1. I'm trying to understand the selection: among the residues of region 153-204, which are part of a loop (DSSP other than H, G, I, E, B) and either basic (Lys, Arg) or open to solvent by 80 Å² or more (accessible area, probe 1.4 Å) (or both)?
2. Just wondering, is there one or more residues in region 227-249 that are within 27 Å of ASP127 (Cβ to Cβ) and modelled with pLDDT under 95?
3. Of all strands (runs of 3 or more DSSP E) completely enclosed by region 1-98, which ones contain at least 2 residues that are closer than 26 Å to GLY201 by Cα?
4. Within region 153-187, track down each residue that is within 12 Å of the ligand (Cβ to nearest atom) and of a type in the set (Phe, Trp, Tyr).
5. Looking only at region 116-134, count every residue that is within 13 Å of the ligand (Cβ to nearest atom) and open to solvent by 50 Å² or more (accessible area, probe 1.4 Å) and tell me the total.
6. Need the failing condition index for LYS87 against (1) farther than 20 Å from ASP18 by Cβ; (2) open to solvent by 30 Å² or more (accessible area, probe 1.4 Å); (3) under 17 Å from the mean Cα position of the chain (by Cα), just the number.
Amino acid sequence: MKIIVTESYEEMSKKTADIIEEELLANDNIVLGLATGSTPIGTYNELIRRHLEGILDFSNAKSFNLDEYIGLSAEDVNSYNYFMKDKLFDHINLPNENAHVPDGLTDDPENYGDSYDKLIKESGGIDLQILGIGANGHIAFNEPAEELRYTTGPVVLTEQTIEDNSRFFESKDLVPTSAVTMGMGSIMKAKRILLLANGLGKADAIAQLLNSKKITTFLPASLLLLHSDATLICDKEAFSQVNIEDMAGELA
Ligand code: PGA
């Protein structure tokens, strides 16, 4: 894993947008894997700015999002469908039909997941996948557990994730308890992966990722150490508990 440590959240977001820009300019048919959460918002703002300045054209691009809560419609303000429209899609020229976010209202999430993976495959696979990391090391909604999903499909959320995400809901009781998520296999098939992390809240997960020298399903992000083109881009706060002498990966 390559590692880029930045001075600030803004610098992390710009560096990530620089890489997306480089890949998009080299391939206007790019297939992007996109994430929700507070981490990528700065990156999305950068992409919007560069689009409005005429640098980035998304008209031939496609995107696939990682996950969606089960039970929330695309119109629900807490859904990831809504988040993506609000934070990115409504402000760039990615055609609606090219922007895919899992459907939280599917009545057969297992089959739906298979068809989502099939669609990614038919689109040529994900060229560049953007990922956040949970404070517990989760990737998308692949939560720490003895077993992780390989393919896309339904998962039950952990107490910590429900707690972490309750800040967006009126009360914790309203946070859905399950989701459709891309599985670890679906994510690892991306040709290139950018893992983003900022703030002290992620410092423990990043230290575990880089210092434990182990791959474990109890830290789903650790599977990314097996990917041949994965880069961690994190600010110095998220990196603050890493022991540099004893680190898995190389500083870029
Ligand atoms: P965050 O979430 O960007 O809101 O911190 C990341 C995640 O849970 O994957």
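The values are calculated or read from the model by the stated rules, or taken from the named source; none is laboratory data. Quick caveat, the model's predicted, so the values are computed rather than measured. Here Cβ is always computed from backbone atoms with ideal geometry, including for glycine, and neighbour counts include all displayed protein chains. All accessible areas refer to the heavy atoms of the entire protein, side chains included, with ligands and DNA or RNA removed. Shrake-Rupley method; radii C 1.70, N 1.55, O 1.52, S 1.80 Å.
1. GLU170, THR177, LYS189, LYS191
2. yes
3. 2-6, 31-34, 67-69
4. PHE168
5. Summing the residues that are within 13 Å of the ligand (Cβ to nearest atom) and open to solvent by 50 Å² or more (accessible area, probe 1.4 Å) in region 116-134 gives 0.
6. LYS87 satisfies all of (1) farther than 20 Å from ASP18 by Cβ; (2) open to solvent by 30 Å² or more (accessible area, probe 1.4 Å); (3) under 17 Å from the mean Cα position of the chain (by Cα) except (1).
Here is a yes/no grid of residues against (1) under 19 Å from GLN129 (Cα atoms); (2) out of contact with any Lys or Arg (no Cβ under 9 Å at 6 or more places or on another chain):
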site: PHE58; (1), (2): yes, yes
site: LYS62; (1), (2): yes, yes
site: GLU68; (1), (2): yes, yes
site: LEU72; (1), (2): no, yes
site: TYR80; (1), (2): yes, yes
site: ASN98; (1), (2): yes, no
site: ASP107; (1), (2): no, yes
site: ASN111; (1), (2): no, yes
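A quick yes/no check of all residues on (1) modelled with pLDDT of 95 or more; (2) touching a Phe, Trp or Tyr at 6+ places or on another chain (Cβ under 9 Å); (3) closer than 30 Å to ILE244 by Cβ:
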position	(1), (2), (3)
ILE4	yes, no, yes
GLU11	yes, no, yes
ASN27	yes, no, no
LEU32	yes, yes, no
THR39	yes, yes, yes
ASP57	yes, no, no
LYS62	yes, no, no
TYR69	yes, yes, no
GLU75	yes, yes, no
